[in-house]
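Notes to accompany the following structure.
The values are calculated or read from the model by the stated rules, or taken from the named source; none is laboratory data. The model shown is predicted, which means the values in this text are computed figures rather than measured ones. So basically every Cβ, Gly included, is an ideal-geometry build from the backbone, and we count neighbours across all protein chains shown. For the accessible areas, the whole protein counts, side chains as well, though only heavy atoms, and no ligand, DNA or RNA atoms are used. Shrake-Rupley method; radii C 1.70, N 1.55, O 1.52, S 1.80 Å.
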Amino acid sequence: MTRQNNRRLRRGWLGVGVGAAVMAITTGAGIGPVAAGRPAFGDVSVFASAPAPGHPFGIAVGDDRVYVSTSAGDFFAGHVNSDDERVFTYDETGKLVGTTVIDTADNSDMGLFGLALDGNTGTNHKLYVADMNGRILRLDLGRHPAAPEVFSQVPADTGLAGDWMKAMWNDLVFDKAGNLYVPDDKPRIWRVAPDGTASIWFTDPRPTGFFGFAGGPLGGRIDPTGTWLYFSITVAADEPLTAAIYRVRLVDHPTASDLELVHRFPFDPSQAPPQATGIAFAKSGNLYVALLGPNQVAVLDPAGNEIERISDPRFHSPWGLAFLGKSLLVTNGDLEPADNPDAWKIFKVFVGETGLPLNRPKS
């Protein structure tokens, strides 16, 4: 398969089968009507813009701040980046209040994604950042922050270190014990202990991505019961060009019987492949799923049924999701071959429900 075809599959086919400026919303169970004069479900506004290098990816909300990572380097979009990546800090009004530069290799073709906050305060408060090249950085959030430090990386003895095509650390999510779970689309899930020691926690052929080295486990979140890790499959291999949501039981040593398919997004040949990316749980148990193919956000109920679909013509490769009050923040990855700085936005989508609080362990 050619590199050009790879780009189209993973990153969007923008403008195919999406519709024009009308939001596509199908009202379903779990989210009720809104009184006249108040925001309606699916109302979209611009929360903030991302400066260069643009391409906002991961997002985390906490402590009256919104943190956004960038991935200006991207193999599938044909982007290489020699200007490092960034973590931007915004206040809750969308004002940019801080920038941290993350050193990355020259001509890098993969950047940053997952963000996770710990529960410490003051000088011990940290933000964890997934570099998709196989490492996790830890950022000091104190008033006079120290330089970013490497918290964990793919162990050298695995033979997978230093090459995202062998091990790609995507999203980050803490459990209550302080372990970080890291989807890797090879396909496997890593677990990183509180001391930074990384090991492969789960692997199974069913979530294999269409490309072999990509398309597998990407976004990850723990469900409201605390007993399942949910993760997205961007482009599936078992049913080609579909996307999926799986869950695996949160036990010390999961086996094949602990993996369950939650939802399959079908592929319609007349439209872009769905391509599920970031996910976020509402407190209700509804799961929000970014779909970069049709440039939409889907909503699944706790049983895994799709009940809503949100569209906006300004969505360009929606990627990261996080709740802010009763709204969902959506990063615009802008993963097309040509840069489009006007699309480097973080959107605020009213959904009428609050997010599930994330685990934020203290040490």
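If we scan the stretch 250-259, do we find a residue that is farther than 28 Å from GLY226 by Cβ and in a strand (DSSP E or B)? No, there is no match, as no residue in the stretch 250-259 is farther than 28 Å from GLY226 by Cβ and in a strand (DSSP E or B). If we keep just the residues of the stretch 330-358 that are buried (at least 23 other Cβ atoms within 10 Å of the Cβ) and touching a helix residue (DSSP H, G or I) at 6+ places or on another chain (Cβ under 7 Å), which is nearest to ALA280 (Cα to Cα)? In this case the residue turns out to be ASN332.
Output the residues belonging to the stretch 161-209 that are of a type in the set (Ser, Thr, Tyr), surrounded by fewer than 21 Cβ atoms within 10 Å (Cβ to Cβ) and closer than 19 Å to PHE231 by Cα.
Going through the stretch 161-209, the residues of a type in the set (Ser, Thr, Tyr) turn out to be 181, 197, 199, 203, 208.
The next check asks that each one be surrounded by fewer than 21 Cβ atoms within 10 Å (Cβ to Cβ); those that pass are 197, 199, 203, 208.
SER199, THR203, THR208 - these are the residues of the stretch 161-209 that are of a type in the set (Ser, Thr, Tyr), surrounded by fewer than 21 Cβ atoms within 10 Å (Cβ to Cβ) and closer than 19 Å to PHE231 by Cα.
Within the stretch 194-205, residues that are in a strand (DSSP E or B) sit with their Cβ atoms under 9 Å from residues that are small (Gly, Ala, Ser), at 6+ positions apart or across chains, in these pairs: ALA198/SER152; SER199/ALA193.
Can you give me the ranges of the strands (runs of 3 or more DSSP E) entirely in the stretch 104-160 with at least 1 residues that are of a type in the set (D, E, K, R), open to solvent by 30 Å² or more (accessible area, probe 1.4 Å) and at negative phi?
Details: elements: 112-117, 126-131, 135-140, 149-153.
So the answer is 126-131, 135-140, 149-153.
Is there a residue in the stretch 86-102 that is exposed (fewer than 14 other Cβ atoms within 10 Å of the Cβ), part of a loop (DSSP other than H, G, I, E, B) and touching a residue at least 40 places away in the same chain (Cβ under 8 Å)? Yes, the stretch 86-102 has at least one match. Of all residues in the stretch 106-153, those being of a type in the set (S, T, N, Q) and in contact with a helix residue (DSSP H, G or I) (Cβ under 8 Å, 6 or more places away or on another chain) number 0.
Quick one: how many residues across the stretch 337-363 are of a type in the set (Lys, Arg) and not in a loop (DSSP other than H, G, I, E, B)?
Let us first name the residues in the stretch 337-363 that are of a type in the set (Lys, Arg), namely 345, 348, 360, 362.
Now restrict to residues that are not in a loop (DSSP other than H, G, I, E, B): 345, 348.
Residues in the stretch 337-363 being of a type in the set (Lys, Arg) and not in a loop (DSSP other than H, G, I, E, B): 2 in total.
Figure legend. Inter-residue proximity from the stretch 166-182: first residues without any contact (Cβ under 8 Å) to a residue 24 or more places away in the chain, second residues buried (at least 17 other Cβ atoms within 10 Å of the Cβ), beta-carbon distance below 7 Å, spacing 6+ or different chains. Indicated pairs: ASN179/ARG191; ASN179/VAL192.
Going by what's in this entry, would ASP258 be described as modelled with pLDDT of 95 or more, more than 27 Å from ASP334 (Cβ to Cβ) and either of a type in the set (Lys, Arg) or open to solvent by 10 Å² or more (accessible area, probe 1.4 Å) (or both)? In short, yes. Checked against the criterion of being open to solvent by 10 Å² or more (accessible area, probe 1.4 Å) and at pLDDT below 90, the stretch 40-58 has no qualifying residue.
Condition check for GLY42 on (1) of a type outside the set (Val, Ile, Thr); (2) within 25 Å of GLY220 (Cα to Cα); (3) not in a loop (DSSP other than H, G, I, E, B): one failure, at (3).
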